[in-house]
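Below you'll find the structure, written out as structure tokens, and then a few comments.
The values are calculated or read from the model by the stated rules, or taken from the named source; none is laboratory data. In this text, all values refer to a predicted model and were calculated from it rather than measured experimentally. In this analysis, Cβ positions are derived from the backbone assuming ideal geometry, glycine residues included, and neighbour counts consider all displayed protein chains.
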Amino acid sequence: MFMIDRTRILRRAGARPGVLLALTLLLLGSSLAHAGDTYILRLIKYNDLDQNGINNEINTGVGEAPSGNALVGWEFRIYDSEGGLVAQGTTSVENQNANGDLGIRVSFPGLVSGQEYTVCESQQPGWVNTQPGTVDPTYGQPCETLTINSTSLVLRFFGNFNQLEAETVFRDRFENVP
């Protein structure tokens, strides 16, 4: 890695020792602050009623009335690139008056910029995951791997449908027709 000796440059520019120390701390502090930017990962869990793996069940449009099928009581775990557990939480009503997502979600603040994380849901009996739709072989759960580095708030959706409900609706529609 290429390093710049800021002290030598400032000394050659004729900076006095007190100014030199202040400028060095300022420059060092600004580079450390930039390297440690943190972000919030917000997860919304939805009931994928049409089982298509696309969040068209929850209205997420800004300025529109909240509507949809967000689910509470779903546990999520965040792992770092080494497989270490970083955080875990359960979907609940975080902000009842939230615009667009019913306020039902789980948020993970303090994730470091540029780091790779794997987000996994804990499957519940009778439910089938549709988004992301694949089981991670390392964790044995539906997971998504991502690198956080773009905005202060990163939003992800996980979808599931209730297998028992889906079978009941199918039977009522097609098998129990008079």
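Observations, loosely collected:
- Of T138, T151, T118, all but one fail to be modelled with pLDDT of 95 or more and either in a strand (DSSP E or B) or within 14 Å of the chain's Cα centre (by Cα) (or both); the exception is T118.
- Residue ID - modelled with the lowest pLDDT, chosen from residues in segment 91-103 that are closer than 16 Å to F157 by Cβ and either within 16 Å of the chain's Cα centre (by Cα) or of a type in the set (D, E) (or both): D101
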